[in-house]
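Report on the structure given below.
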Amino acid sequence: MKINLLLHAMHHDENDLAHTLLHVAERHKVDHEIYHLGRDMARWSQDHVRTLATLGERFGAHLDPEPVGSLTMAARARDKAAELTGRRPEAALSLLRDLREIYTKASGVSVDWELLGQAAQGLRDTGLLNAVQRCHPDTQRQLHWANGKLKESATQILVS
């Protein structure tokens, strides 16, 4: 059985998505929607990291239940500098790049949840399937939010 390998990959990718959401929230602090929703959605991924660590024990994957911590001082300083330059055109383009990164990472995590759901059905493992059914909709919301923000922002940023 290779489920432990998938759980390792998902644990890494959910941590990475949470970190990216926190980073983007800090970088675009002047946009209240990005800041607050980014932080909320990062907490969802952090919860998924804990869920995956719990599931990992059952399949021989020893995963750290603590998600990657908050941003370092250096990252905060970079984000503060970005905030101060928030009115420059480059900042608007960085928003599109950041939203694209979130969309791409959330897409990968969503596919992994699909794969884990298929494995859960194959094993007839209701505990695993319940975890997928609880976590995957959060990832889909992250994906749809990033896609919606890209569509909402792209025209204004690229045409102006």
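The values are calculated or read from the model by the stated rules, or taken from the named source; none is laboratory data. Values in this document were obtained by computation on a predicted structure and should not be read as measured data. Cβ: placed from backbone, ideal geometry, glycine included. Neighbour counts: every protein chain shown. Side chains are part of the model used for accessible areas, which takes the heavy atoms of the whole protein and leaves out ligands, DNA and RNA. Shrake-Rupley method; radii C 1.70, N 1.55, O 1.52, S 1.80 Å.
So how tilted is helix 126-159 from the main axis of the chain? Cα-based, degrees 0 to 90, rounded to 10.
That helix lies at roughly 20 degrees to the long axis.
How far is it, in nm, from the label point at Q156 to the one at Q121 when both lie 7 Å from their Cα along the line to the Cβ?
4.0
Share of region 88-128's accessible area from carbon and sulfur, percent, 1.4 Å?
Ligands and nucleic acids excluded, carbon and sulfur reach 56 percent.
Is the C-alpha gyration tensor of the chain telling us rounded, prolate or oblate? Criteria: a/c under 1.5 is rounded; beyond that, a/b larger than b/c is prolate, otherwise oblate. Intermediate values should be presented prior to the final figure.
Values: a/c = 3.09, a/b = 1.92, b/c = 1.61.
In terms of gyration-tensor shape, prolate.
How much net charge surrounds E57 when only other residues with a Cβ under 13 Å from its Cβ are counted (Lys, Arg +1; Asp, Glu -1)? Before the final figure, lay out the partial values.
Working: positive: R50, R58; negative: D64.
That sum, taken over residues with Cβ under 13 Å, equals +1.
Quick check: the angle from helix 3-27's long axis to the longest principal axis of the chain, C-alpha only, nearest 10 degrees?
20
Between helix 73-84 and the chain, what is the angle of the helix's C-alpha long axis to the longest principal axis, kept within 0 to 90° and rounded to the nearest 10?
It is inclined by approximately 40 degrees.
For region 118-158 and region 15-56, compute the distance between their C-alpha centroids and round to whole Å.
13
With a 10 Å cut-off between alpha carbons and a GNM built on the chain, which of E14, E101, E66 moves the most?
It is E66.
Work out the length of the dipole vector of the chain about its Cα centre, built from +1 on the beta-carbon of each Lys and Arg and -1 on the beta-carbon of each Asp and Glu, and round it to the nearest 20 debye. Before the final figure, lay out each step's value.
Details: 20 positive and 21 negative charges, 61 e Å.
Dipole magnitude for the chain comes out near 300 debye.
Normalised by the residues of region 1-63, what does the relative contact order come to in percent, with Cα pairs under 8 Å and at least six apart? Before the final figure, lay out the partial values.
Numbers: 63 pairs, mean separation 27.3, N = 63.
It comes to 43 percent, rounded to a whole number.
Looking only at trypsin sites (Lys or Arg not before Pro) in DSSP loops with at most 14 other Cβ atoms within 10 Å, what is the longest site-free stretch of the chain?
On the way: sites that count: K2, R87, R124.
Within the chain, the longest run free of exposed trypsin sites (Lys or Arg not before Pro) spans 3-86.
Keeping all protein chains in place, calculate the accessible area per residue for the chain (probe 1.4 angstrom), answer in Å².
On the way: 8880 Å² over 160 residues.
Counting only protein heavy atoms, the per-residue value for the chain is 56 Å².
List the relative contact order of the chain as a percent without decimals, with contacts defined as Cα pairs under 8 Å and 6+ residues apart.
Values: 174 pairs, mean separation 40.1, N = 160.
Reported relative contact order: 25 percent.
Classify region 1-73: rounded, prolate or oblate, from the alpha-carbon gyration tensor (a ≥ b ≥ c, eigenvalue square roots; a/c under 1.5 rounded; otherwise prolate if a/b is larger than b/c)? Could the numbers behind the result be given before it?
Working: a/c = 3.13, a/b = 2.83, b/c = 1.11.
Cα axes put region 1-73 in the prolate bin.
In a shell of Cβ-Cβ distance under 14 Å around L123, excluding L123 itself, what net charge do Lys and Arg (+1) and Asp and Glu (-1) give?
Numbers: positive: K2, R58, R124; negative: D125.
Taking every other residue near L123 into account, the sum is +2.
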